[in-house]
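What follows is a single structure, written as structure tokens, with notes after it.
The values are calculated or read from the model by the stated rules, or taken from the named source; none is laboratory data. This is a predicted model, so every value here is computed, not measured. No Cβ is skipped: glycine too gets one built from the backbone with ideal geometry, and neighbour counts run over all protein chains shown.
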Amino acid sequence: MPFTSEDLRDMATRYNVSIEPLQIVIFIPTLLIFALLRRGTKQDTSRGVLLLLGAEWAAVGLLFFLNVMGRVHWLGTVAGVMYLIAGIFYAGAASRSFPPHFHWRADNQSYLSFLVTAISVIGYPGFSWALGREYPAVMTYSLMPGSVALLSLGVCLSARPAPRLWLMAPAVLVALWSPLNVILWQVWEDVLLLPCALVAVAAWLIWRRKLTATPTKDTIRFDF
């Protein structure tokens, strides 16, 4: 292996210490995402959601992978570049003429979106504490790869009139890699990723079929 689980914990510790107090500051854009999802009335709000997601992916790629793990092994550099590309991907989605519309409503789609989002914000770092790990050797919210992927899945599930698979692609790829993180480096927090990704893809299939079966006017433009 390129590094051991102990090496990874040491990297997480040094990372958390080096970025203080971003662990608290990062909740500001997250709360802004929640406010935009609740509002969800204009295309500008959807663009804001996508830009904030892109910024969080890019921050993890730059601060954790390139600045910390990349100095230990080239695998961190590769992962960092991939996360930066994902950040550009979401920024590019925000620049589209018709960006996806994100909105939390009182329906099953929003409830599922809120659940996955809550797992990313509370469940993922809470799992670290439940495992007996103490700060700074914990997987902090939104500044670790797994939590950013979970947040993206939760947000993308709120897309109207149905979730877009292409928007969930970066997070799904991270989820597919997560079993290796668990097996090779004992990142037990990542056991949450794959089930949430499977639920998100299943939700995409279900709501896509419902939408396909619903009569629509030719003027309605929708891209899966």
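What single numbered condition from (1) in contact (Cβ under 8 Å) with a residue 60 or more places away in the chain; (2) farther than 26 Å from Ser128 by Cβ fails to hold for Arg47? Failed condition: (1). Among the residues of the stretch 132-187, those identified as assigned to a loop (DSSP other than H, G, I, E, B), among the small types (Gly, Ala, Ser) and within 18 Å of Ala118 (Cβ to Cβ) are Ser142, Ser158.
Taking the stretch 59-102 on its own, how many of its residues are outside any helix (DSSP H, G or I) and within 25 Å of Met139 (Cα to Cα)? Walk me through how you get there before you give the answer.
First, pick out the residues of the stretch 59-102 that are outside any helix (DSSP H, G or I): 67-68, 72-73, 95-102.
In the following step, the residues that additionally are within 25 Å of Met139 (Cα to Cα) were identified as 67-68, 72-73.
Total satisfying the criteria: 4.
Okay, residues lined up against (1) surrounded by 17 or more Cβ atoms within 10 Å (Cβ to Cβ); (2) touching a helix residue (DSSP H, G or I) at 6+ places or on another chain (Cβ under 9 Å); (3) touching a residue at least 24 places away in the same chain (Cβ under 8 Å); (4) small (Gly, Ala, Ser):
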| residue | (1), (2), (3), (4) |
| --- | --- |
| Leu53 | yes, yes, yes, no |
| Val60 | yes, yes, yes, no |
| Ala86 | yes, yes, yes, yes |
| Phe98 | no, yes, yes, no |
| Phe102 | yes, yes, yes, no |
| Leu112 | yes, yes, yes, no |
| Val116 | yes, yes, yes, no |
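Scanning the stretch 129-140 for residues that are surrounded by fewer than 23 Cβ atoms within 10 Å (Cβ to Cβ) and either in contact with a helix residue (DSSP H, G or I) (Cβ under 6 Å, 6 or more places away or on another chain) or not small (Gly, Ala, Ser) (or both) turns up Trp129, Leu131, Arg133, Glu134, Tyr135, Pro136, Ala137, Val138, Thr140.
Only one entry in Met168, Met144 is touching a residue at least 40 places away in the same chain (Cβ under 8 Å), within 11 Å of the chain's Cα centre (by Cα) and buried (at least 22 other Cβ atoms within 10 Å of the Cβ), namely Met144.
All conditions but one from (1) outside any helix (DSSP H, G or I); (2) within 21 Å of the chain's Cα centre (by Cα) apply to Ile28; the one that does not is (1).
Selection of first residues in the stretch 13-33 that are of a type in the set (A, V, I, L, M) and of second residues that are at pLDDT 85 or above and surrounded by 15 or more Cβ atoms within 10 Å (Cβ to Cβ), restricted to Cβ pairs under 7 Å at least 6 apart or on distinct chains, gives the following pairs, ordered by first then second residue: Ile19/Leu63; Leu32/Leu52; Ile33/Val49; Ile33/Leu52; Ile33/Val155.
Output the residues belonging to the stretch 1-25 that are among the charged types (D, E, K, R) and in a loop (DSSP other than H, G, I, E, B).
Across the stretch 1-25, the qualifying residue is only Glu20.
Checked against (1) surrounded by 19 or more Cβ atoms within 10 Å (Cβ to Cβ); (2) within 20 Å of Ser152 (Cβ to Cβ), Ala12 meets all criteria but (2).
Restricting to the stretch 15-37, name every residue that is of a type in the set (Val, Ile, Thr) and surrounded by 14 or more Cβ atoms within 10 Å (Cβ to Cβ).
Narrowing the stretch 15-37 to residues of a type in the set (Val, Ile, Thr): 17, 19, 24-26, 28, 30, 33.
Listed by number, the residues that qualify are Ile19, Ile26, Thr30, Ile33.
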